[in-house]
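**Q** Below: one structure in structure tokens.
The values are calculated or read from the model by the stated rules, or taken from the named source; none is laboratory data. As the structure is a computational prediction, the values presented were derived from the model and not from experiment. Positions of Cβ are generated from backbone atoms using ideal geometry, with glycine treated the same way; all protein chains shown enter the neighbour counts. Note: areas computed on protein heavy atoms with side chains; ligands, DNA, RNA excluded. Shrake-Rupley method; radii C 1.70, N 1.55, O 1.52, S 1.80 Å.
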Amino acid sequence: MHSGDMRTRLLRVLLAGILVMMGGLVGSAAADETCQSPFLPKVTGQEDYIYVWTLGIKGVADGNDSMVTVDANPKSASYGKIIHRASVPGRHEAHHAGFTDDRRFLWAGGLDTSQIFVFDVGSNPAQPRLVKTISTFVKDTGGLVGPHTFYALPGRMLISALSNAQDGSGRTGLAEYSNDGKFIRTIWMPKEAPYGYDVRVNVNLNRMLTSSFSGKKNYMRPFGDLVKDAEAMKQFGSSVIVWDFHARKPLQILSVPGAPLELRWALLPNHHYAFTSTALTGKLVLIHQQADGTWAAKNIADIGDTIPVDISIAPDDSKIYVNTFMDGTLKVYDVSNPFEGKLIETVKLGEMANMVSSSWDGTRVYATNSLLSQWDKPGDYWLKAYAWEGGKLVPKFTTDFNPAGRAHIMNFGSKVFGPKAAAPAPRAQRVSAYAAPR
Amino acid sequence: MRRVWGVCVLLAWVGGGLIVPSPVRAHEAVSLEEEFVKGVFSPAFTPPAAGSYDLPAVKRVPWVVLKDLTGRSASTRQVTAGKVAVVSFIYTACPERLGCPLASLALQDLQAKLKDEGLARHAMLLSISFDPERDTPAQLAKYARIYGADPRLWRFMTASSERALDHVLEGYGQDRAPVYDERGRFTGRYRHVLKVFLLDPAGYIRNVYSAGFLVPDLVLNDIKTILGEGAPREVVKR
């Protein structure tokens, strides 16, 4: 046997020993929170806060975009209430946000102005504070526009963009910044599949997936106009790209027609697949590795002509939650057989349902409404919380966002990530101090 | 084999110290973590070939003066001395099995690989403690012996004060928070994200590895990638 193999085997045996000796010291390895980067420590138990990146509305409060904190701890007197609002100057088409690798900072982007706002959530997790604004995204990146997904990599943020400054089309790329906010590099999407949207990494396989949406001239256009413009409606992405993550090089372009949006890797290490949904064609799609190591896409459920938007995965990979915008519904699919999605639960949420997030322990689900300022219908804005009880999703609270703005993406916060960490709670409530296996 | 026994001693030492192991729970959780550790040392992928990709600089770290294992002050600039450096932050009492012990096992593996590949003159390993109070040079020396650290290749350093350490952590972007019990007493533990930094000879961070991606073969290819770039960047005095 080669000495390296021997060494590896010995290490494995030893580490298996460590695991047995010290069993139970670190948090559960199952994972949302489940969509967070594998490089992040996770909130494995009850989340204390939900940070909602919220679009400002003219005439509501100061009219600005803001990071709104909702108290999510049932033991708290302000459970379900907005307890803090940190606004930024102006409205920027607030959309997505994501933590740095140590969960001390939350980066949030504006799809219209391409500004990035960095909030300190570590110093006081109940009160995020704006500490930095990056106004040079377009210039830094050589013309990317519309910073979308903010994804933690060790020491840096990986950001997928939606558009470009040259023609406002969907030709775009990925950008990397150091955690300090210094630009590192731009990676343009391949010419054959130029669109971008989400980006997610599977570290066990060294694979990265990107999905595809549309450019600024579409996403900032009133929805009613857009759908009547047949030419514009052709300008949507129809692919998922499989990348060598470490090399940041595209390996395979998969045809996934109809604007595949959010990507969710299965979380168990031996599950070599991911899910996405297509906004324009209403499909739930499996992206899976085949026996020869290449990847393929397969439609596994017909969601319907309702514009599926955000999706979330259960920590044991058994379910996919899908919010559908047009009918304001949360649909739950059993994907324990990943090749066949079965609808097992439907919850009427309300107008414009958009984002959905499962907790790490899989018992709670949160949803917000508001998709894009130019696409939303008039209505109320809210965050709604549900919990699984007796095999059904039961409503827990509704937070009225009308006094704050349009509620968009949710990220979970915990007191444990404050400056003085608390001692480990019982296992089920622990926050793992290391990034989770994927 | 000495290395194997060394690690066993370490486990007994660590296990008998701060850690009170809780009973092993769900079989599934253990097997998942086993899968995770396996992923680190024998990943389910072949790392891309050295030189086939870019490693753009993330940031430049400050050179700092720390104490070595003899208790003498030395600049990290002298210690890394124009080599590619792999820098880990650890503390010897760390009880998180997928934290510091994992990082040190990975560096141990990397040390052997660097020797096997004849790269010992061009690369080095540096572990810096984030527990200046308890990780005295003597304590770190004990830890280094347990991991079979070859002092020509793998150095250990500790800060002379908390303030000095904060400066180092800030420079690298490494978090660290003391953990307190319910009565507000310090538990002797720190919460931190496991990060290992790859520095080029000029002190630029070229990659950062975290649990899940601290793959010795991948780090080795990154070292070769930097060594293959030719003349190092001009060393800028900082």
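**Q** Using alpha carbons only, how many angstrom separate the centre of the stretch A:103-175 from the centre of the stretch B:151-226?
**A** When both Cα centres are located, 26 Å separates them.
**Q** Lys/Arg Cβ at +1, Asp/Glu Cβ at -1, dipole of the stretch A:180-303 taken about the Cα centre: which of A:Ser255, A:Met208, A:Trp188 is farthest positive-ward?
**A** Toward the positive end, the furthest listed residue is A:Trp188.
**Q** Among residues other than A:Val394 whose Cβ falls under 15 Å from its Cβ, what is the net charge (Lys/Arg +1, Asp/Glu -1)?
**A** Net charge around A:Val394: +3.
**Q** Please go through the stretch B:40-129 and write out the trypsin sites (Lys or Arg not before Pro) that DSSP classes as loop and that have at most 14 other C-beta atoms within 10 Å. Could you put the intermediate results ahead of the total?
**A** On the way: sites: B:Lys59, B:Arg60, B:Lys67, B:Arg72, B:Arg77, B:Lys83, B:Arg97, B:Lys113, B:Lys115, B:Arg121; in loops: B:Arg72, B:Lys83, B:Arg97, B:Arg121.
Listed in order of number, the matching sites are B:Arg72, B:Arg121.
**Q** Ignoring ligands, DNA and RNA, what percent of the accessible area of the protein assembly as shown is carbon or sulfur (1.4 Å)?
**A** Numbers: 12720 of 24170 Å².
The value for the protein assembly as shown is 53 percent carbon and sulfur by accessible area.
**Q** Here is a further query. Show A:Glu47, B:Glu170 ordered by accessible area, largest first, where the area counts protein heavy atoms only and the probe is 1.4 Å.
**A** Ranking A:Glu47, B:Glu170 by accessible area, largest first, yields B:Glu170, A:Glu47.
**Q** Over the stretch A:168-264, what per residue volume does the convex hull of the Cα atoms give, in whole Å³?
**A** 118 Å³
**Q** Report, as an integer, the average count of C-beta atoms from other chains found within 10 Å of each Cβ along B:204-216.
**A** Details: counts 0, 4, 0, 5, 8, 3, 13, 11, 13, 12, 2, 3, 4.
Per residue, the average neighbour count from other chains is 6.
**Q** How many nm is it between the label spots at A:Ala230 and A:Lys182, if each spot is 7 Å from the Cα in line with the beta carbon?
**A** Reported label-point gap for A:Ala230 and A:Lys182 is 5.3 nm.
**Q** Could you give log10 I(q)/I(0) at q = 0.14 Å⁻¹ for chain A, computed by the Debye formula over C-alpha point scatterers of equal weight, without solvent?
**A** -1.37
**Q** Could you give the size of the charge dipole of the stretch B:89-238 about its Cα centre, using +1 on the Cβ of each K and R and -1 on the Cβ of each D and E, expressed in debye and rounded to the nearest 20?
**A** With only Lys, Arg, Asp and Glu charged at Cβ, the dipole is about 260 debye.
**Q** Here's a follow-up. Please report the net charge: other residues with Cβ closer than 12 Å to the Cβ of B:Leu69, K and R +1, D and E -1.
**A** +3
**Q** Show which lysines lie in cross-link reach of A:Lys182 when reach means a straight Cα distance below 18 angstrom and same-chain residues fewer than eight apart are skipped.
**A** Within the straight-line limit of under 18 Å, A:Lys182 reaches these lysines: A:Lys132, A:Lys139, B:Lys59.
**Q** May I ask you to derive the FRET efficiency for B:Glu170 and A:Ala247 from their Cβ-Cβ distance with R0 = 30 Å, giving the value to the nearest 0.05?
**A** 0.45
**Q** Pick out, in residue order, every one of the chymotrypsin sites (Phe, Trp or Tyr not before Pro) in the stretch A:326-365 that is DSSP loop and has at most 15 other C-beta atoms within 10 Å; say none if there are none.
**A** A:Phe339
**Q** Would you list, by chain and number, the aspartates and glutamates whose Cα falls below 14 Å from the Cα of A:Lys348, excluding same-chain residues fewer than 8 positions away?
**A** Partners found: A:Asp327.
**Q** Can you tell me the accessible area per residue over the stretch A:116-218, all protein chains present, probe 1.4 angstrom, in square angstrom?
**A** 29 Å²
**Q** Right, another one. Would you mind working out the magnitude of the charge dipole of chain A relative to its Cα centre, with +1 at each Lys and Arg C-beta and -1 at each Asp and Glu C-beta, to the nearest 20 Debye?
**A** 840 debye
**Q** I would also like to ask the following. In whole percent, what relative contact order does the stretch B:86-215 give with Cα contacts below 8 Å and a gap of six or more residues?
**A** Numbers: 179 pairs, mean separation 36.6, N = 130.
Relative contact order for the stretch B:86-215 comes out at 28 percent.
**Q** Another question, if that's okay. Would you mind giving the mean number of other chain beta-carbons within 10 Å of the Cβ of each residue in B:189-196, as a whole number?
**A** Per residue, the number of nearby Cβ atoms from other chains is 6 on average.
**Q** Next question. How many nm separate the modelled label positions at A:Lys132 and B:Glu229, each set 7 Å beyond the Cα in the direction of the Cβ?
**A** It works out to 2.1 nm between the two label points.
**Q** Another one. At what distance in nm do the modelled label points of B:Ala50 and A:Asp62 sit from each other, each positioned 7 Å from its Cα along Cα→Cβ?
**A** Using points 7 Å along Cα→Cβ, the separation is 5.3 nm.
**Q** Could you state how much accessible area is buried at the B-A interface, both sides summed, with a 1.4 Å probe, in Å² to the nearest 100?
**A** 5700 Å²
**Q** If I stretch the segment between B:Arg185 and B:Arg72 completely, what's the gain in nm (0.36 nm per residue apart, minus their alpha carbon distance), one decimal?
**A** This chain segment gains 37.5 nm when fully extended.
**Q** Reachable lysines from A:Lys249, Cα under 18 Å, same-chain residues fewer than 8 places away excluded?
**A** Straight-distance partners of A:Lys249: A:Lys191.
**Q** Could you give the length gained by full extension between A:Ser255 and A:Lys392, i.e. 0.36 nm per residue of separation minus their alpha carbon distance, to one decimal place?
**A** Separation in residues times 0.36 nm, less the Cα-Cα distance, equals 45.8 nm.
**Q** Whole angstrom only: what separates the Cα centroid of the stretch B:99-150 from the Cα centroid of the stretch A:273-339?
**A** 45 Å
**Q** Can you show me the helix-derived [θ] at 222 nm for chain A, built from DSSP H runs with n ≥ 4 at -39,500 (n - 2.57) apiece and divided by the number of residues, rounded to the nearest 500.
**A** Value at 222 nm, helices only, nearest 500: -2000 deg cm²/dmol.
**Q** Find, among the trypsin sites (Lys or Arg not before Pro) in the stretch A:180-228, those assigned to loop by DSSP (not H, G, I, E, B) with at most 13 other beta-carbon atoms within 10 angstrom.
**A** Filter output for the stretch A:180-228: A:Lys191.
**Q** Another question about this same structure. Is the stretch B:42-180 best put as rounded, prolate or oblate by its Cα gyration tensor, with a ≥ b ≥ c the root eigenvalues, rounded for a/c under 1.5, and otherwise prolate when a/b is larger than b/c, oblate when not?
**A** Details: a/c = 1.43, a/b = 1.39, b/c = 1.03.
Since a/c stays below 1.5, the shape of the stretch B:42-180 is classed as rounded.
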